[in-house]
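Let me begin by presenting the structure, written as C-alpha cells, before commenting on it.
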C-alpha cells in the first residue's frame, strides 16, 4: 500500500498557488489508480486553515500542518525543518510537490534528511501495471524519459502547467498541527521586502496568459533599408505593459549582440526559449519576426494556442507550427494592436 503525501506551502496571501492545486489533482488521480493507497495533505505556512479548507473535499485521509509566522516566508532553514517534521509524522512512500521557486530550492535537501530520494522537473505521472512512473525532461527538453524508482520515500517535484488545477468544493476539516522548534539562530535570514523592476523592464511573467515571442527580424533592416531598433523596443514594451504578457526570444536574437549587431536592450538569456532556453507553458502565444529554426519550436510546443506574424507565408517556423499565421509586417500590426489596446483601456 502506498501512502501519498501532497506537500504544499501557502502564498503570502494565505492561498495555495495554482501549481499546488495542479499537483493535488495529479495526486488524487494517482491515489485512485493505486489500490489500497491513501492520501495525506501536508502544508507549511502561516494561518493555513483557509488554505486547507479550500481543498478539504479532496478525499485526503488527514491534513497535517506546520504553522507559524516564521513559516510564512521562504527560508531554507525553517522550510527544511518543517518538511522534515511532516515527513517523519506522515512516513509517506510517495511525495508529490509543486516545483515552485520556494520548494525547488529546499525540498531535495530536506527530504534527504529522512532518507528519501527526490526527482525534479517532472512533467507527468502515470500508473502502468500498478506501478507509478514519471515523465522527466533532460537536456533542456530535448530528451524525455519515463522513470521509476523502487526506493521509498520517492519525492517528485512536478512542473506547473502539466495538470488541471483541483476545483473541488471547500470543506471544513480537522487539522493536525505539528509543533516545530525554530531557534533564533535560524531566523536571522529573513525577507525584508520585494523589489520588482520598473514596469517597462519587467518582461518575464511565468503566470501570464500570453507569451509574446520576438524574433531576430525586429533588429533587421526594414522596407526602407534602415534598422528601427528604438521603435521595435517601444512597440514590444508597450504591448507587454498593456497586456501584462511575458516575453520570449529565439536564441539568435539573444546572441546577436555578441556579433556587434543591434539588439533589443531589455533582452537577456533569461528570455530565451527553445534550444538551451526554457519551455514555457502559457495558454496562448504570439510569435513575431521569427525564422524557421526547428530547435526554437522546442520551447513552443506546450503553448495551447499559437499564432504568428511573419511577412513570409512559407516561413518554416510558422508553417505547421502556428495555429494561425498573419502574413503582415509585424511593425505595422503591433502599432495597430497597441493603439487598439490603449483605446480600450482608456474607456474603462
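Laid out as a table, the results:
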{"quantity": "Paired Rg and Dmax values of the chain, which use every Cα atom, in angstrom", "calculated": "23.0, 70"}
{"quantity": "For segment 82-227, alpha-carbon Rg over 2.2 N^0.38 Å", "calculated": "1.47"}
{"quantity": "Among beta bridges that DSSP assigns inside the chain, antiparallel share in %, nearest 5", "calculated": "20 percent"}
{"quantity": "Theoretical ellipticity at 222 nm over the chain - DSSP helices of four or more residues, -39500 (n - 2.57) apiece, nearest 500", "calculated": "-8000 deg cm²/dmol"}
{"quantity": "Modelled FRET efficiency - R0 45 Å, residue 61 with residue 202, Cβ distances, 0.05 increments", "calculated": "0.60"}
{"quantity": "Ratio Rg/Rh, restricted to segment 3-187 and using Cα atoms, in which Rh is the Kirkwood radius", "calculated": "0.94"}
{"quantity": "Sequence ranges 33-46, 162-175, 180-193, ranked by mean other-Cβ count within 10 angstrom, highest first", "calculated": "33-46, 162-175, 180-193"}
{"quantity": "Using alpha carbons only: equivalent-ellipsoid semi-axes of segment 1-61, gyration tensor based, whole Å", "calculated": "22, 10, 9"}
{"quantity": "Cα gyration tensor, segment 44-131 - rounded (a/c under 1.5), prolate or oblate", "calculated": "oblate"}
{"quantity": "Using alpha carbons only: equivalent-ellipsoid semi-axes of segment 147-252, gyration tensor based, whole Å", "calculated": "44, 22, 17"}
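None of the figures in this text is laboratory data; all of them are computed from the coordinates on show. In this text the structure is predicted, and so the values were computed from the model without any measurement. Quick reminder, even Gly has a Cβ in these numbers, built from the backbone with ideal geometry, and neighbours come from all protein chains shown.
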